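Accompanying notes for the structure given below.
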Amino acid sequence: MSLLASIPSPSSGTLELGPFTVHMYGLTLLAAIAVCTYVTGRRWVNRGGDWDLIFRCAVWGVAAGIVGARIYHVVTSWDEVPDEWWGVFAIWRGGLGVWGGIALGCLVGGIVAKRAGADVWLLADCLAPGLLIAQGIGRLGNWWNQELFGKPTDLPWGLEIDAPPFPYPPGTTFHPTFLYELIWDLAMAAVLVYVIERRFRPRPPGIFAAYIALYCVGRFFEELLRIDPAHHIAGLRLNAWMSLLGIAAGVIWYVLSQRQDRPPRQWRRKREKSPAPTRKMAVPQGKRVRPPG
């Protein structure tokens, strides 16, 4: 038990490599993006797709995701934005909201896929497990930055923080919410693939809808533990309300997507009708067309 008295936090969130400073939070996000791209690509190729589309969706989707994540943070946590002209753009100072990142990233990636003539909802189902794994890996960045932890705890896996927030005294350990979400996300990714997909075989976008609901269940309970500053509505943190909305939206979307009387899907690109070939007049057998004169 003494070996599991607590979880230490890194002394620094950066790594010095000669004249370069590597921010571990950013490096963690890059690793998460790479894993998500690989998992999605493998699943897409196994269903007859090609890697080129995945790379294109990843490039545009990741860029849009960063913008969406920053917009969500700025809108919902304006008081945490540096009071400088560049404060809105200072993502290196922290402040990326996963809700805005996932929403805008998936929207732009879906547009890229639709313009390529791909089955957008099938691609979304291929993406869902990879997204969960990536979100879990991304939480390791909070560990490097010693941020977004939970309430004080004396459990053996309590998280050590160098400078606990007021009014907690030095030596206080906190719930490692980054670890809880990492474990939850990896477990739910396995549930999506090995339980829901293989046993129930839902029609697209059932897997993606289930991903939304399952992620939000874990995120709701995580929000009940976190003590970092946040806006509250009726006693609940804003992101807890977002989680409840996500659970409802995911469940409803899953049920509607699996209805047997659902009309045919309309998102496939309509093939352009080519003009009917002109038939040449056949010459009846036994007759010859004599040239004039």
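The values are calculated or read from the model by the stated rules, or taken from the named source; none is laboratory data. Everything numeric in this text was worked out from a predicted model, so none of it was measured. Glycine gets a Cβ as well: all are built from the backbone with ideal geometry, and neighbour counts include every protein chain shown. The accessibility values were calculated without ligands, DNA or RNA, using every heavy atom of the protein model including side chains. Shrake-Rupley method; radii C 1.70, N 1.55, O 1.52, S 1.80 Å.
Those residues that are crowded, with 19+ Cβ neighbours inside 10 Å and aliphatic (A, V, I, L, M), I need them from segment 35-52; list them, please.
Residue satisfying the conditions is Val39 alone.
Could you check, for segment 96-107, whether at least one of its residues is within 25 Å of Val22 (Cα to Cα), aromatic (Phe, Trp, Tyr) and either at pLDDT below 95 or in contact with a helix residue (DSSP H, G or I) (Cβ under 8 Å, 6 or more places away or on another chain) (or both)?
No: zero hits.
Pick out the one residue from Val45, Val67 that is over 17 Å from Leu140 (Cβ atoms), part of a helix (DSSP H, G or I) and free of Cβ contacts under 8 Å to residues at least 12 places away in the same chain.
After applying the criteria, what remains is Val45.
How many residues are assigned to a loop (DSSP other than H, G, I, E, B) and touching a helix residue (DSSP H, G or I) at 6+ places or on another chain (Cβ under 7 Å) when one looks only at segment 172-213?
5
Could you please give the count of residues in segment 177-208 that are touching a Phe, Trp or Tyr at 6+ places or on another chain (Cβ under 7 Å), of a type in the set (A, V, I, L, M) and farther than 24 Å from Gly138 by Cα?
Qualifying residue count for the region: 0.
With the requirement that a residue be farther than 28 Å from Val81 by Cα, among the hydrophobic types (A, V, I, L, M, F, W, C) and part of a helix (DSSP H, G or I), what does segment 97-121 give you?
Scanning segment 97-121 gives Ile111, Val112, Ala113, Val120, Trp121.
Given the structure, is Ile102 closer than 19 Å to Phe178 by Cβ, touching a residue at least 40 places away in the same chain (Cβ under 8 Å) and of a type in the set (A, V, I, L, M, F, W, C)?
When the stated conditions are applied, Ile102 does not pass them.
Considering only residues of segment 8-34 that are crowded, with 17+ Cβ neighbours inside 10 Å and either out of contact with any His (no Cβ under 9 Å at 6 or more places or on another chain) or more than 20 Å from Gln135 (Cα to Cα) (or both), which is modelled with the lowest pLDDT?
Selected residue: Tyr25.
If a residue has to be outside any loop (DSSP other than H, G, I, E, B), open to solvent by less than 60 Å² (accessible area, probe 1.4 Å) and in contact (Cβ under 8 Å) with a residue 60 or more places away in the chain to count, how many in segment 143-171 make the cut?
Total satisfying the criteria: 2.
Can you say whether Ile111 is at pLDDT 95 or above and buried (at least 19 other Cβ atoms within 10 Å of the Cβ), as far as the supplied structure shows?
no
Taking Gly117, is it at pLDDT below 95, over 11 Å from Gly61 (Cβ atoms) and out of contact with any Cys (no Cβ under 9 Å at 6 or more places or on another chain)?
no
Please verify whether Ala124 is of a type in the set (A, V, I, L, M), touching a residue at least 60 places away in the same chain (Cβ under 8 Å), under 14 Å from Thr40 (Cβ atoms) and not in a helix (DSSP H, G or I), treating the condition exactly as stated.
no
Taking segment 214-234, which residues are assigned to a loop (DSSP other than H, G, I, E, B) and in contact with a strand residue (DSSP E or B) (Cβ under 6 Å, 6 or more places away or on another chain)?
Of everything in segment 214-234, just one residue is assigned to a loop (DSSP other than H, G, I, E, B) and in contact with a strand residue (DSSP E or B) (Cβ under 6 Å, 6 or more places away or on another chain), namely Ala230.
Which one is modelled with the lowest pLDDT, of the residues in segment 70-95 that are outside any helix (DSSP H, G or I) and open to solvent by 40 Å² or more (accessible area, probe 1.4 Å)?
Trp85
On the given criteria, is Arg56 open to solvent by 50 Å² or more (accessible area, probe 1.4 Å), out of contact with any Phe, Trp or Tyr (no Cβ under 9 Å at 6 or more places or on another chain) and not β-branched (Val, Ile, Thr)?
The answer is yes for Arg56.
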